[in-house]
Amino acid sequence: MRLWEKHDNEGNIRCLLCPHLCLITPGGRGICGVRENCEGEIKLMTSGVISGYALDPIEKKPLYHFFPGSVILSVGSYGCNLKCDFCQNYHISQNVPSGEARRLEPEELVRQASELRGNIGIAYTYNEPVIWYEYIAECARLAALEGLKNVMVSNGYIRSEPLKELTELIDAFNIDLKSFSNEFYRRYTGATLKPVLEAIKMISASGRHLEITTLILPGLNDSPDEIRQAAEWIAVNAGKGVPLHLSRYFPMYRRSDPATPPETILRLKEIAEEYLDYVYTGNMPGTDGGSDTRCPSCQSVVIRRSGYSTRITGLTDEGKCQKCGEKIIS
């Protein structure tokens, strides 16, 4: 898929990957900082460039209903198509280093992933994987041939055409729904809400595994009404069985707000649970039960979690509740 088009006879081209639709001059780059106009076509300047590489618990993505208790090779690069002033990974998302960098070609990454004991696949994460599109697509195709799963942790700010191709390659998504307010998106991320909602609907309709995360910032996106609207929208448009992770914010990057009070997260969890079967708390070690999975039918605890330690206590091999037979894990 060609993700750009010529704009005029002066060498300017338009990137078609995300809703920014950046008009890029010769030698220039888009908002993401990694997609460059090289002689009239887009070149991904970070293809194979690795910022992070680790064998992570799948719960760290966070994905709680996709092979719980497993580990996955997680890789990331640099750059992002959003400009969140509260970014938790700003040192790589808002930075594109020049000069020498660690590189892994797709064949080598997949080879290493396939040789890691217990590893279920590759997670494209840490910075924003949307802007790494061509590299991810190639890796995902090769990984699937080796029987590996592909996971994408993304802000969901992508146009429908390239997302359609990704839903054919990626097995599980965690989408970061930063707020249910377009004003919040425009003011604090430099983007808009609607494309993210469309991405969530499209992923859900594709049948791929989907979970959603919202980082709760005090005074910005923590109102009960907003969380109620978001949870109800998710239930209607993606399904009440889609897990929602409400994550506690700690001051980072350009913001110095106080950390989100734990009681705020717990109150919002209760509200979201009026609409969704599975709502989890994140970045809250020591909170009893906030990360456990309960059967929505009989309320039995079927998975217990402490930090990134996971213990399956009440599931059958088919992912059903041992007590009542409710399907929990797809």
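A short reminder: the numbers here are calculations on the coordinates, not readings from a lab. On a predicted model such as this, the values are computed, not experimentally measured, just so you know. As a convention, Cβ positions derive from the backbone with ideal geometry for all residues, glycine included, and neighbour counts pool all protein chains shown.
Here region 171-330 has an Rg and Dmax of 16.0, 48 Å, counting Cα atoms alone. Remark: for residue pairs Lys61/Lys327; Lys178/Lys320; Lys164/Lys201; Lys83/Lys178, the C-alpha separation exceeds 20 Å in Lys61/Lys327; Lys178/Lys320. In units of the rule-of-thumb radius 2.2 N^0.38 Å, the chain shows an alpha carbon radius of gyration of 0.99. Separation of region 221-250 and region 11-89, taken as the distance between their Cα centroids, equals 25 angstrom. Qualifying GluC sites (Glu not before Pro) in region 36-138, where qualification requires a DSSP coil assignment and no more than 14 other C-beta atoms within 10 Å, comprise Glu39, Glu100. Oblate is the label for region 266-330, because the ratio a/c of its alpha-carbon gyration tensor axes (a ≥ b ≥ c) is 1.5 or higher and a/b is not greater than b/c. With the simple spin-label model, which puts each label point 7 Å out from Cα in the Cβ direction, the Arg186 to Asn95 separation comes to 3.2 nm. Computed over neighbours whose Cβ is under 14 Å from that of Thr213, the net charge equals +1, Lys and Arg +1, Asp and Glu -1. Take the Cα of Arg102, step 7 Å toward its Cβ, do the same at Lys60, and the gap between the two points is 1.3 nm. At an R0 of 25 angstrom, the distance between the Cβ atoms of Ala205 and Glu270 translates into a FRET efficiency of 0.30. Model label sites at Ser223 and Asp257, defined 7 Å from Cα along the beta-carbon direction, differ in position by 1.3 nm. Any idea how far the Cα center of region 175-207 sits from the one of region 133-164, in Å? What the calculation gives is 19 Å, centre to centre. Among Val236, Val279, Val196, the order by Cβ neighbours within 10 angstrom, fewest to most, reads Val236, Val279, Val196. The largest-to-smallest principal axis extents of the Cα set in region 131-232 are 46, 24, 21 Å. For a straight C-alpha distance cut-off of 18 angstrom, the aspartates and glutamates reachable from Lys269 (same-chain residues fewer than eight places away being disregarded) are Asp176, Glu211, Asp222, Asp225, Glu226, Glu232, Asp277, Asp288, Asp292. Dipole magnitude for the chain: computed about the Cα centre from +1 point charges on Lys and Arg Cβ and -1 point charges on Asp and Glu Cβ, it is near 340 debye. Is the C-alpha gyration tensor of region 4-43 telling us rounded, prolate or oblate? Criteria: a/c under 1.5 is rounded; beyond that, a/b larger than b/c is prolate, otherwise oblate. Since a/c reaches 1.5 but b/c is at least a/b, the shape of region 4-43 is classed as oblate. Here is the list for region 226-330: chymotrypsin sites (Phe, Trp or Tyr not before Pro) lying in DSSP coil, each with at most 16 other C-beta atoms within 10 angstrom of its C-beta, are Tyr253, Tyr308.
In terms of other Cβ atoms within 10 Å, Tyr135, Tyr78 run from fewest to most in the order Tyr135, Tyr78. Considering only alpha-carbon pairs that sit under 8 angstrom and 6 or more positions apart, the relative contact order computed for region 4-43 is 32 percent. Each residue in Lys178, Lys327 was given a count of other beta-carbon atoms within 10 angstrom of its own, and listing them fewest first yields Lys327, Lys178. Expressed to the nearest 5 percent, the antiparallel share of DSSP beta bridges inside the chain is 50 percent.
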